[in-house]
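Have a look at the structure below before the remarks.
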């Protein structure tokens, strides 16, 4: 018996909007993940702190004050109330590891959905890289064409200058003509 494909429980666009670029990584905030998993941020971070070996620095890291202030300004988070500690962010691998410490059905379903979105983003980035390379090739060709056109116009300018200079007569011509 084949398993039914699970329908996403959260619209993809909401998940995509919770992915940020920090320190060269695509990451998600602990508070966003906790909300998506249906747990308190405090509980999510407790599970992470109980399993430190599962979350090395390339899986999860804590934001600096500057990073947090910058991120808050981007996502229009209220500065009233809020957190006592700087948030943690999780890379794709850290999110995968969260599934091993959070075992609710909702957490598992959301985790699968997030992993699929990260895969889709990676695929889009790789496709865009190919497009960027093709565009660069076209730019180089156009640059060469521009140089050739400039050269042609330079030759035309020289010919026009030569045409405007009086030519020395060769041969016998009467002066009265």
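The values are calculated or read from the model by the stated rules, or taken from the named source; none is laboratory data. Because the structure is a prediction, the values reported are computed rather than measured. For neighbour counting, all protein chains shown are included, and Cβ atoms are generated from backbone atoms with ideal geometry for every residue, glycine included.
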Within 20 Å of residue 16 (Cβ to Cβ) and either touching a helix residue (DSSP H, G or I) at 6+ places or on another chain (Cβ under 6 Å) or surrounded by 15 or more Cβ atoms within 10 Å (Cβ to Cβ) (or both): does that describe residue 127?
no
Got at least one residue in region 96-108 being in contact with a strand residue (DSSP E or B) (Cβ under 6 Å, 6 or more places away or on another chain), surrounded by 11 or more Cβ atoms within 10 Å (Cβ to Cβ), part of a loop (DSSP other than H, G, I, E, B) and touching a residue at least 40 places away in the same chain (Cβ under 8 Å)?
no
If a residue must be within 11 Å of the chain's Cα centre (by Cα) and under 22 Å from residue 93 (Cα atoms), how many such residues does region 122-140 contain?
4
Regarding residue 70, is this residue under 17 Å from residue 16 (Cα atoms), surrounded by 11 or more Cβ atoms within 10 Å (Cβ to Cβ) and either over 19 Å from the mean Cα position of the chain (by Cα) or without any contact (Cβ under 8 Å) to a residue 12 or more places away in the chain (or both)?
no
Here, helices (runs of 4 or more DSSP H) confined to region 1-91 with at least 3 residues that are at pLDDT 85 or above and out of contact with any helix residue (DSSP H, G or I) (no Cβ under 7 Å at 6 or more places or on another chain) are 41-50, 65-75
